[in-house]
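K.L.:
There's a structure below that I have some questions on.
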Amino acid sequence: MFLSVFDMFKVGVGPSSSHTMGPMVAGARFLDRLRASPFTAQGLRASLHGSLAFTGVGHATDRATVLGLAGFVPESYDQDSADATLARIRATGQVEPEGLGPLAFKPATDLVFDYDHPLTGHANGMILMATDAEGDIILQEIYYSVGGGFVLTEAELAAGKDTDDGPPVPHPFKSAAEMLRMCAETGQSVAGLKRLNELSRRDAATLDRGIERIWEVMESCIDRGLTTDGILPGGLKVKRRAKAIHDALQAERGRNLTAPHVINDWMSAYAMAVNEENAAGGQVVTAPTNGAAGVIPATIRYWLDHVPGASRAQIPEFLLTAAAIGGLIKFNASISGAECGCQAEVGSAAAMAAAGLAAVLGGTPEQVENAAEIALEHHLGMTCDPVKGLVQVPCIERNGLGAIKAVSAASLSMRGDGTHLVPLDSAIETMRQTGLDMSHKYKETSLGGLAVNVPNC
């Protein structure tokens, strides 16, 4: 099992990695399959199932599906071009993907939200179809968006396929216990093991440039969010708050009357800035998902701006450590809110952030593992119940609290020697079991919790 740091951290577009980025990726994959097929298509159709149907409008799943079938991909997404393309598709009833178009596609009739027939493989399911001149289906594929922008076909999911088709890596670990054993045997840190594995697939310069790019996008996202105000789209009329909070914090800086707990407001402002950008459809990095995209950047920014001795040169160590933990969680449980609730999104992000922070604070591999465990343990059972299907309430504030928990977990781990009662592997397995037991109402369907108890929503 090998999940690259670039699998865990993908540059993409908001508001959701599973509901926006995933369907767009699925559309691009289907176009590739159609290009390679012997069939000559005249039209396209799509149906959304499960959570993709229930919260699809709020997560812009319909928009993402149309754009994916028009040839857009998350990593090169341009909003102005997307808006112009959508307007043209609505006017002409056609998409024009490179090498295939024009193909008949009327979003109002050819994109169906199927609330009554969930697919069996995963809560985030969709069917993409190509049709001939008579409207008969000539090619069809079922895709599952399994969280964090990862997309699998029905066959890939059934086969248990992960994202890795390459040769074996030098230090393959499938559990935290194996990771710690390999650290002890090699004398490497968690980040050191992860880096050696990455270098078996790409050269050092490419790896370093890629990690630098990840942080550049994260940091730019924070900065945009801290300087932008207004109302978020979607109908809830949620007001952006990160800028006002940050402005007030800057004005208070240096005053002797500032309470120590105000540091929590700094962390929340950084995280909320990212998730407000995500909610507005801006460019973010899955960390490991869009819904949890603010936790890790906020923790890094807190460390850089507020912790003496912090150095930007250590950011790769932070991100490699976080990616190692995220890979363990994804492989052994889930990072999908539709599969396991928000414990799998913000909980996973907090565990990754706590591990990364412990690492750059000088923690041993045991302390890093302990930090991740503490953070994940105290998100167990957290539901995903977005109001009106939007990644806004409670998602934006929740990222701030996730960052605060991550910092607290790292700090607690550094006060000990790494020995603790509950292993990270046990916390991950508990999260998986809890997700299986959790009612579907609380797994990104907006059928329970806050989604049904907030008036006028």
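K.L.:
Picking from Glu397, Glu345, which residue would you name as being in the same structural domain as Tyr302 (by TED's automatic domain parsing), buried (at least 24 other Cβ atoms within 10 Å of the Cβ) and among the acidic types (Asp, Glu)?
P.N.:
On the way: Glu397 fails: buried (at least 24 other Cβ atoms within 10 Å of the Cβ).
Of the residues listed, the single one that is in the same structural domain as Tyr302 (by TED's automatic domain parsing), buried (at least 24 other Cβ atoms within 10 Å of the Cβ) and among the acidic types (Asp, Glu) is Glu345.
K.L.:
Please report, ordered by residue number, the helices (runs of 4 or more DSSP H) entirely within the range 380-457 with at least 3 residues that are within 18 Å of the chain's Cα centre (by Cα). If you could, list the steps in order and put the result at the bottom.
P.N.:
Details: elements: 395-414, 424-437, 450-453.
Once the helices (runs of 4 or more DSSP H) in the range 380-457 are filtered for at least 3 residues that are within 18 Å of the chain's Cα centre (by Cα), what remains is 395-414, 424-437.
K.L.:
In the range 170-191, which residues are without any contact (Cβ under 8 Å) to a residue 24 or more places away in the chain and assigned to a helix (DSSP H, G or I)?
P.N.:
To start, the set of residues in the range 170-191 that are without any contact (Cβ under 8 Å) to a residue 24 or more places away in the chain comprises 178, 181-182, 185-188.
The answer is Glu178, Arg181, Met182, Glu185, Thr186.
K.L.:
For the range 1-47, give me the residue count where each residue is part of a strand (DSSP E or B) and within 20 Å of the chain's Cα centre (by Cα). Give the derivation first.
P.N.:
So in the range 1-47, the residues part of a strand (DSSP E or B) come out as 11-13, 43-47.
Pick out the ones that are also within 20 Å of the chain's Cα centre (by Cα) and you get 11-13.
The number of residues fulfilling the criteria is 3.
K.L.:
How many of the residues making up the range 1-59 are more than 27 Å from Cys342 (Cα to Cα) and either of a type in the set (A, V, I, L, M, F, W, C) or surrounded by 24 or more Cβ atoms within 10 Å (Cβ to Cβ) (or both)?
P.N.:
Residues that pass the stated criteria total 9.
K.L.:
Here's another thing I want to ask about it. (1) of a type in the set (A, V, I, L, M); (2) out of contact with any strand residue (DSSP E or B) (no Cβ under 9 Å at 6 or more places or on another chain); (3) surrounded by fewer than 19 Cβ atoms within 10 Å (Cβ to Cβ): which one isn't true of Val190, the others all being true?
P.N.:
Against the list (1) of a type in the set (A, V, I, L, M); (2) out of contact with any strand residue (DSSP E or B) (no Cβ under 9 Å at 6 or more places or on another chain); (3) surrounded by fewer than 19 Cβ atoms within 10 Å (Cβ to Cβ), Val190 comes up short only on (3).
K.L.:
If a residue counts only when it is aliphatic (A, V, I, L, M), which helices (runs of 4 or more DSSP H) contained entirely in the range 57-132 have at least 3 such residues?
P.N.:
Details: elements: 61-69, 79-92, 107-110.
Where helices (runs of 4 or more DSSP H) fall fully within the range 57-132 and carry at least 3 residues being aliphatic (A, V, I, L, M), they are 61-69, 79-92.
K.L.:
Being modelled with pLDDT of 95 or more, buried (at least 24 other Cβ atoms within 10 Å of the Cβ) and not aromatic (Phe, Trp, Tyr), is that true of even one residue in the range 431-439? Don't jump to the end; show me each part of the working.
P.N.:
Step one: filter the range 431-439 for residues modelled with pLDDT of 95 or more, giving 431-439.
From what is left, the residues that are buried (at least 24 other Cβ atoms within 10 Å of the Cβ) are 431.
Subsequent filtering for residues that are not aromatic (Phe, Trp, Tyr) retains 431.
Yes, the conditions are met somewhere in the range 431-439.
K.L.:
Something else about it: Looking at Ala324, Ala313, Ala292, Ala269 in this structure, which one is in contact with a Cys (Cβ under 9 Å, 6 or more places away or on another chain) and not β-branched (Val, Ile, Thr)? Walk me through it before giving the result.
P.N.:
Numbers: Ala324 fails: in contact with a Cys (Cβ under 9 Å, 6 or more places away or on another chain); Ala313 fails: in contact with a Cys (Cβ under 9 Å, 6 or more places away or on another chain); Ala269 fails: in contact with a Cys (Cβ under 9 Å, 6 or more places away or on another chain).
Going through Ala324, Ala313, Ala292, Ala269 in turn, the sole match is Ala292.
The values are calculated or read from the model by the stated rules, or taken from the named source; none is laboratory data. Everything numeric here is computed off the predicted structure, so don't read it as measured data. All Cβ positions, even for glycine, are placed from backbone atoms using ideal geometry, and neighbour counts span all protein chains on display.
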